[in-house]
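To start, the structure under review is shown below, and the notes come after it.
The values are calculated or read from the model by the stated rules, or taken from the named source; none is laboratory data. Computed from a prediction, not measured in an experiment: that's the story for all the values here. Here the Cβ is made from the backbone with ideal geometry for all residues, glycine too, and neighbour counts use every protein chain on show. Just so you know, the surface numbers come from the protein's heavy atoms only, side chains and all, with ligands and any DNA or RNA stripped out. Shrake-Rupley method; radii C 1.70, N 1.55, O 1.52, S 1.80 Å.
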Amino acid sequence: MKTLSNCFTFLCISAAMISLSSCIKDEAPNAECDIEEVSVVVDDPESFFYNVTDMTRSIPSADSVIVFSVRRKADISSVAPAFRLSEGATVNPESGSVQDFSNGPVTYTVTSQDGNWRRRYSISFVQEAKMVGDTVRYDFEKYSTVYFDASKATYNVWLNDGADESLGTIWATGNPGYAITATNATPDKFPSSVLEQGYDGAAVKLTTCSTGLIGQLFGKPIAAGNLFIGSFDTTTAMLDPLRATTFGIPFDRKPLRMTGYYKYTPGEKVTDAENKELPGQVDSADVYAVFFLNHDSDGNAWTLDGTNVKTGSQIVALADMVYVAPTSDWTAFSIDFDYKGQLDLDLLANRGYSMTVVFSSSKGGDSFIGAVGSTLCIDKVRLICESEDN
């Protein structure tokens, strides 16, 4: 009986060993061939990615096209993506190897551990310009007065904060030309003056005025009230007033829309350059902004003047109110910029574009057509812009 018992024990141990042997047998090689994660390590992540969290991407199993969005100026000619692959898989080109993505996507082939399966992935880096909101404000709260010694007249000028917190001016008016014959005139008698009670604080008041007998003798019987970004040359104003007015300052943002508040009352009688009445005509104001290239194709400096401010060949975008409806109440306006061409962001960053904003109490004032007494009030002007997120 003891011998029979020993035999039975031996058989049980042998069966257990055979069972254990089957459990520790080597598993079959993995048949999966996936990229599970991609990491991109660069020296300066903030100048390469818009968000540093974009450096690592988990890849869903169904995706085989992988696209990274990077900054417009990111160098994608030598990037070394690193991969986490499914167990035992290999990839060609190798993980961490430097590749040139500037000519388009690079194809990676992943091979499964068992060598029986392959999967191709396309990886690319797309350089994009990310634009962020940027608003330029013109509130007209800061102004000063200028004394014109020849006629003992005093008129207003508008000031703005400079980059160094000093006060300067980007705004010009026709007041200096009007001052030549405006003997002893005070600021409120000039075409362009300060309105103390505006929509919110001070505002600009533009009024079409008679230039008197001397103005009529020169074929310039009226002076429209105006305010514009640019400059006015008084030395040539009487002989060539259109070219005496130059527009714009360098501008490094993309304008989308101009907004603000206005009031407008047209004068009673529209006259022409000979001071003859134009029956049936009603005066209209002008409210617009122009965005333009400030150099020509040969690299020469270029600007707009009174002869081409809305028609110049270098104009890129125009925001024009077209019709300024009469209103005695402060009324909001909003004008979109109409783009005539593509924007070059490199040129924009290098201040290759200029901007002007123009207001006039008489739309035909540059041709001395308008109604004495036409009055345009302007306040709280905004240029709604975008700038590149650098």
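Quick look at the numbers
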read-out	value
Summed side-chain charge close to Val67 - residues other than Val67 whose Cβ falls under 14 Å, Lys, Arg +1, Asp, Glu -1	-2
Share of pairwise Cα separations in the range 276-366, more than 22 Å, in percent	39
Phi-based couplings in Hz for the range 147-156 (Karplus 6.51, -1.76, 1.60; Gly and Pro marked x)	9, 9, 5, 4, 10, 6, 9, 10, 9, 8
Residue-level accessible surface for Arg257, protein heavy atoms, 1.4 Å, Å²	80
Approximate shape of the range 111-221 as ellipsoid semi-axes (Cα gyration tensor, √5λ), whole Å, largest first	61, 17, 13
Charge dipole magnitude, Cβ of K and R +1, D and E -1 - the chain, Cα centre, debye nearest 20	500
Along principal axes, Cα extents of the chain, largest first, whole Å	145, 47, 44
Virtual spin-label span in nm between Ser144 and Ala28, 7 Å along Cα→Cβ	8.8
Top positive-direction residue, dipole computed over the chain with Cβ charges, set Trp330, Gly260, Trp171	Trp330
Accessible surface ranking that places the most exposed of Glu388, Glu196 first, with a 1.4 angstrom probe	Glu196, Glu388
Solvent exposure ordering (accessible area, 1.4 Å, most first) of Leu159, Leu376, Leu217	Leu217, Leu159, Leu376
Accessible heavy-atom area order of Glu37, Glu274, Glu128, highest first, probe of 1.4 Å	Glu274, Glu128, Glu37
Computed lengthening from Val136 to Thr327, 0.36 nm per intervening residue step minus Cα-Cα distance	66.2 nm
Candidates Asn294, Asn103, Asn308, ranked by Gaussian network fluctuation over the chain, Cα under 10 Å, top entry	Asn103
Net +/- balance of residues flanking Phe368 in space, Cβ distance below 13 Å, scoring K and R +1, D and E -1	-1
The chain - mean residue ellipticity at 222 nm from DSSP helices (-39,500 (n - 2.57) per run, n ≥ 4, rounded to 500)	-3000 deg cm²/dmol
Accessible area expressed per residue, the chain, with surrounding protein chains retained (probe 1.4 Å, Å²)	53
Beta bridge orientation in the chain: antiparallel %, DSSP, nearest 5	95
Probe 1.4 Å - accessible area at Lys73, Å² to nearest ten	140
Rounded Å value of the spacing that divides the Cα centres of the range 351-390 and the range 207-273	10
Charged-residue dipole, Cβ positions (Lys, Arg, Asp, Glu), the range 271-390 about Cα centre, Debye nearest 20	220
